[in-house]
1. Net charge around His323, counting only other residues with Cβ within less than 12 Å of its Cβ (Lys, Arg = +1; Asp, Glu = -1)?
2. Connecting C-alpha atoms closer than 10 Å in a GNM of the chain, tell me which of Tyr399, Tyr106, Tyr139 has the biggest fluctuation.
3. Could you give me D for the stretch 180-252, from Stokes-Einstein at 20 °C and 1.002 mPa s, where the hydrodynamic radius is the Kirkwood radius over C-alpha pairs? Units µm² s⁻¹, please.
4. Based on the alpha-carbon set only, what is the convex hull volume of the stretch 117-174 divided per residue, in Å³?
5. Can you sort Ile309, Ile386 by how many other beta carbons sit within 10 Å, fewest first?
6. For the stretch 349-445, what is the Kirkwood estimate of the hydrodynamic radius, computed as the reciprocal of the mean inverse distance between distinct Cα atoms, to one decimal in Å?
7. Work out the P(r) tail for the chain: percent of alpha carbon pairs separated by more than 36 Å, whole number.
8. Compute the distance from the alpha-carbon center of the stretch 92-119 to that of the stretch 322-358, in whole Å.
Amino acid sequence: MSLRLTAICLSGLLLILNACSKKDGSSPPPSPTVPGCATNSSPSNGAFVFAGPLTLSWSAVSGANSYDVYLGASPNPTTVIASNVTGTSYSYTVPSFAQSQPLYWYVQPQNSTGAATGCSSTASSFTFTVIQTPPAFGYYVVGYFPSYRSLSAVPDVKFRMTNCVVYAFYGVNGSGTLSAPSSPTATLTAVRDKARANGSKVFLGINDGAAGNFKNMAATASGRNNFIKDVMNTVRANNLDGIDIDWEFPTTSDGTDATFTFLMKELSDSLHRDGRYYLSAAITAGKYAGGIRDAIRNEIFPYVDFFNIMAYDDFSTTVPYRHHSDYTLATVCLNYWLNTRSMPASKCVLGVPGYGRPSGITQTNTVLTYNGILAQGGNPQLDSAIVTAGGFTNYSIYYNGQYTVKRKAKLAKDIANGVMFWEKGQDAHDNNSLLKAACDTVGRSY
């Protein structure tokens, strides 16, 4: 064969081979590999979620083109709540039956080759919780019970007359957590049991007196968080119905109006989880303008279940004949909070004193309990008496007798929603009782 013919044959062979191959000379692409697992981003593991719908989000996984979302009550959920989600988040409305319990979730990335395996090990949990106000319990009759008072000296009927007993007081210590009263005459447990046996709810009153630890604790988010954790642990451990904050007094002059507001909002969120526990607050009478009155901001009204307005102690050590808690003061205080400040009437509770104060002289050792005034001959139907105490003889003391308490109870029923007494042990324990006068007036059975 000639060289020319050989060349022609080889050229033809190359043409045949080239015709059987891809024009660009490349190989077919390999099949994609199965993707790995994703990492849950939000909600964070163990979080409490307070609003819906809920958004579940996770990290993007290389090679994945969609995700299946698993969610359930067990640590290894098998229920798919969403399939073929192409993004990295999913909005989900938690059904009511699944609320207030830990829920577990994870995502399973996938592509055309298959789905990731073993992703249940990446499951994290959250608890979807509804924050709602617990149900009101009618016209409030609140009675404080101090730890130093003898429980056996107060008959059961006085507990049946109230539908809320506030144990007074736990304090705020230097660490920003709760401290129980030292050497109490009546323990929290004993007061709780007696109150419950007579149909009354039980709140823990918290007050740090002159220590100023409320201010220090509430100044930072971490301080409030630690305090609220301790409050919740104490409420649960002692099977209580709620707490009463008696911070006397936040003020705009030092910024505690802001931190008091933060504290009440955050306490409300924790106590009102699932509508379980109540939050009340003892607040200034409201008669006098200034930083103390202005520290009670309107924005906390939705967060607190009711306010105990301390409409008493309007005394003078220099001016005689001045009643510290007359009927006029009650009308002034209620008018301010209800009309000027628009506090909801359903949350407004009028404070009534179970003690008397003199006027124009020192208040040291001259303040007497209502039953102590009656023991010196005071008339249960009047509002003043001549007494002797604290080195003073035959001085006038001003108090609330049954007639005034009846008027206040009716006023609070007509335009507000209850009365509060400081405190149970100061009352008479017979037919002269101020609590009895209030209950009889509003038709509360006991």
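1. -2
2. Looking only at Tyr399, Tyr106, Tyr139, the largest GNM fluctuation is found for Tyr106.
3. Details: Rh = 13.8 Å.
Roughly 156 µm²/s, to the nearest whole number.
4. It is 217 Å³ per residue.
5. Ile386, Ile309
6. Computed over Cα pairs of the stretch 349-445, the Kirkwood hydrodynamic radius comes out at 13.6 Å.
7. Tail fraction, whole percent: 45.
8. So the two Cα centres are separated by 55 Å.
Rule-based calculations on the coordinates, nothing more; no lab input. Worth saying up front: this structure is predicted, and the values here are computed from it rather than measured. Note that each Cβ is placed from the backbone with ideal geometry, even for glycine, and that neighbours are counted across all protein chains shown.
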